[in-house]
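The values are calculated or read from the model by the stated rules, or taken from the named source; none is laboratory data. Because the structure is a prediction, the values reported are computed rather than measured. In this analysis, Cβ positions are derived from the backbone assuming ideal geometry, glycine residues included, and neighbour counts consider all displayed protein chains. Side chains are part of the model used for accessible areas, which takes the heavy atoms of the whole protein and leaves out ligands, DNA and RNA. Shrake-Rupley method; radii C 1.70, N 1.55, O 1.52, S 1.80 Å.
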Amino acid sequence: MPTEERERERETPRRPRIRLDQPRAPKRKLIPDYDPEAFGRLSERIARFLGTGRFIVWMTVLIIVWVVWNIVAPPDLRFDEYPFIFLTLMLSLQASYAAPLILLAQNRQDDRDRVNLEQDRKQNERSIADTEYLSREMAALRIGLGEVATRDWIRSELQDLVKELEEQRQAAPGPGVFPAERERGRDVDDR
């Protein structure tokens with residue numbers, strides 16, 4: 001019996017073992033992969049070109065050459081007869097691709113503008129916060145300076161002291177307040 005089981009195992013198709021230490025093989029997709037950023041940049045370049053005078057001039061020249069060729073050329077060399085149906089088809093095709101490409105470019109520009117606006121808003125918030133902080137600091141400094149002795153205040157205090165000393169000198173009949181006015185030889189008070 002063990003040999004029969006082995007034979008059966010060999011005959012039944014085995015599912016391949018999945019290895020967890022290796023990445024899976026990419027699956028095939030019906031839609032091809034593309035880089036959205038590269039596609040967006042290409043659409044912006046096309047939209048920029050479609051919005052130039054150069055495009056209008058080249059488109060006008062192409063249409064004039066097309067119409068003149070199909071009117072003036074010998075009948076066997078004309079590829080689009082008078083109602084110019086093929087020209088109409090080509091212009092419709094160009095317009096059908098131009099409009100979505102222009103819209104895609106505008107959406108990308110809107111996204112960039114939104115990001116820039118958000119960055120500007122954050123920068124303005126930081127500037128406002130910094131300005132408020134500096135305003136509070138200046139107010140604190142003004143309050144602190146209000147308590148600090150200024151040059152004018154010290155002068156007025158010294159002038160008041162000088163006046164007070166002058167008044168005391170004039171009011172006191174004996175030796176003056178100042179050491180030079182005291183009697184010489186009496187330095188007992190100085191010790």
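At a glance:
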| read-out | value |
| --- | --- |
| ARG17 paired with VAL162, simple spin-label distance in nm, labels 7 Å along Cα-to-beta-carbon | 10.6 nm |
| Ordering of 46-52, 122-128 by burial proxy (mean other Cβ atoms within 10 Å per residue, highest first) | 46-52, 122-128 |
| Candidate lysines for bridging to LYS122, where Cα separation is under 26 Å - those fewer than 8 sequence places away on the same chain excluded | none |
| Accessible area of the range 67-163 divided out per residue, in Å², using a probe of 1.4 angstrom | 85 Å² |
| Fraction of accessible area attributable to carbon and sulfur, the range 24-152 (%, probe 1.4 Å) | 65 percent |
| Segments 153-165, 29-41 sorted - mean Cβ within 10 Å per residue, highest first | 153-165, 29-41 |
| Dipole in debye (nearest 20) - the range 19-95, about Cα centre, beta carbon charges: Lys, Arg +1; Asp, Glu -1 | 480 debye |
| For the range 90-107, Karplus couplings with θ = phi - 60° (6.51, -1.76, 1.60), whole Hz, Gly/Pro x | 5, 5, 5, 5, 4, 5, 5, 8, 5, 4, x, 5, 5, 5, 4, 5, 5, 4 |
| Charge-dipole axis of the range 1-160 as Lys and Arg at +1 and Asp and Glu at -1 on Cβ define it, positive-most pick from ALA95, LEU20, ALA139 | LEU20 |
| Environment charge of ALA149, counting only residues whose C-beta is closer than 12 Å and scoring Lys/Arg +1, Asp/Glu -1 | -1 |
